[in-house]
Amino acid sequence: MIRMAILALFLLLAGCGTQDPRLESAKMEEAPSMEELTEIQDQQRLEELEQIRANMEPDTLVLGATNPVGLHPFSHMDYSLYQVMKLFYDGLFRLDKDLRPVPHLVENYSFSADYRILTLDLRPDVAFHDGTPLRASDVVYSYELMRSNPANPYYGKALEKVASYAAIGERQVRITYSQPNYLGLYYLHYPIVSRSYMTDARRYNPMVPMGTGPYRMVSFQRHQSMELEANEAWFPGSPKLKKIRVRIFRHPEQAMTAFSGNAVDLVFPQTYVWYDYSEDSSQEMVEYPSNRYKMLLVNQGNRYLADPAFRRVLSRSIPREDMAKDIYLDHSVPQEYPGTPGGWLFKGTLGEVRQQEQSLAREDPPFDTSLVPQGQSFTLLAKSGDKTMELEALALQAHFKELGYTLLVRFLGEAEHAAALQARSYDLALVEGKYADGPEYKDLFGTGGRYNRTGYSSPVLDNALDRMDRSAGEDAFKAAYVDFSVSFQREVPAIMLYSINNPIIYKSFVQGEISPNPMHALDGLPGVELRKLP
């Protein structure tokens, strides 16, 4: 049913595109617009890049990124540049394959009994690219720089619960939190910079990053490229991949086009239309949990949606598995409550949460017209121009029809969609979001949360969220997360659909294990090798 509905959408779009041939002929005689000239220039540049790549040395990997305004590690906001910067810099912690924070620049760490004080002992074998050893004063200075850029979405959360930080000697850092903060470890993956370099007016160059990471800057050409070389003194070991060239593009889509034209070897898009993906023998792909999710906002001003029993049976009825298969080609993970499915927390509590949810499901009536009479209409808000969202809206419309209801879809542009969400002029709204670095959901679903877009309020949810937020240790945190997950499915403040995976797509001559995670899409890149020319 979903596939037929999707096909109908394509036929509709195709029909809307039919025009009078005379108009097409007249259009061809017009002078090219500025937009068309830009496209011609982009195509010419792509052809030049393809030729350059074909003639380039075989030990250089070519990445694509968007044009940076600057390379200050705490002021940029572009996703692709944020990932490239992690090749220059290391963080105190990193995520392992289970998405658990583990020490990186840190040798040992300990929390106080109340989880308000975190003590970090730095590794003694770490140096910046200029040979200067890593010191505690560098960590403190990095925190000061983060604090000076509070609007940056990547770093604002890192300091939210930090009361103070101090260097204890040359190799120890003490962070004091305003409350118990087991989740503090999730916010220690940010770049650590060299204080001596960045405060030296004679040496500091804002376009030359100075970190402890696996690569150092060789050259930077604005609007063109960055040249990186391996940091042979990197403390985990000398990178196998010796050279990286970062091609700079105006828009993320141009990097994908360049990849298709063999001008770029590896791409790591922040968002990806999985429906368009097709396997190619000349390329490889690895996917990873992105911390992105899709959900339906529920306006409880609608008298039917105000009933938690109806919200529960409606949520259970959603064909998440079919949508994940037909629209995402199984590159998303269906779920009925928040969490990152590939992470240790979600996997470690799944059995207990599922057992309690099944007990709850037995208490609810089956889906029939006893809750909401057939023929009832609901409105669904969706964003136009977003191919994936259009397919999802169509699939949901078909599903509601099978239930005996009418789902009226309102496709709006970006600004109109945001305004309608703000005004809550919908019954259901299809939205995409991104979880915080740590598994915390107070901002999304807590009373007064900054991203709680429906204004939902629940003392039960608030209690569980507050216990998660103030957990003193892993056991307390897991117990609070289980309570939150079960309460979420009992109350259904929103209808979760699935978590979305992101891809790293690269040419088949790139060999080795790339191990991306939500915080570092290019993690593992230093360990790859280039076996042959494309």
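Where a number appears in this text, it was derived from the coordinates with a stated rule and is not lab data. Predicted, not measured: the structure shown is a model, and the values here were computed from it. Virtual Cβ from ideal backbone geometry, glycine too; neighbours counted across all protein chains shown.
Modelled label positions at Ser317 and Met285, each set 7 Å beyond Cα in the direction of Cβ, lie 3.3 nm from each other. With both residues required to sit in the stretch 289-502, DSSP beta bridges show an antiparallel share near 65%. Projecting the Cα atoms of Asn302, Leu145, Phe111 onto the charge dipole of the chain (Cβ charges, centred on the Cα centre) puts Phe111 farthest toward the positive pole. Could you tell me the distance between the Cα centroids of the stretch 69-130 and the stretch 205-238, to the nearest Å? Here the two parts' Cα centres lie 17 Å apart.
Against the compact-protein benchmark of 2.2 N^0.38 Å, the Cα-based radius of gyration of the stretch 202-356 scales to 1.51. Once you place label points 7 Å from the Cα toward the Cβ at Ser112 and Ser457, how far apart are they in nm? Going from the Ser112 label point to the Ser457 one covers 3.4 nm.
Computing FRET efficiency as 1/(1 + (r/R0)^6) for Gln374 and Asp130, where r is the C-beta to C-beta distance and R0 is 60 Å, gives about 0.25.
Here the calculated FRET efficiency for Leu360 and Arg222, from their Cβ-Cβ distance with R0 = 56 Å, stands at 0.45, rounded to the nearest 0.05. Counting only residues at least eight positions apart within a chain, or on another chain, the lysines with an alpha carbon under 20 Å from that of Lys347 are Lys97, Lys294, Lys434, Lys478. When you restrict to C-alpha pairs under 8 Å that are six or more residues apart and normalise by the size of the chain, the relative contact order lands at 20 percent.
Legend: helices of the chain (whole DSSP H runs) are marked when their alpha-carbon atoms reach 24 angstrom or more along the helix axis and their mean Kyte-Doolittle hydropathy is at least -1.0; marked are 344-363, 387-403, 474-491. Here the mean projected area of the convex hull built on the C-alpha positions of the chain is 27.9 nm².
Rounded to the nearest 20, the size of the Cβ-charge dipole of the stretch 195-340 about its Cα centre is 820 debye, with Lys and Arg at +1 and Asp and Glu at -1. In units of the compact-protein estimate 2.2 N^0.38 Å, the stretch 289-502 shows a Cα radius of gyration of 0.99. For the pair Trp344 and Ala419, label points projected 7 Å from Cα toward Cβ lie 4.8 nm apart.
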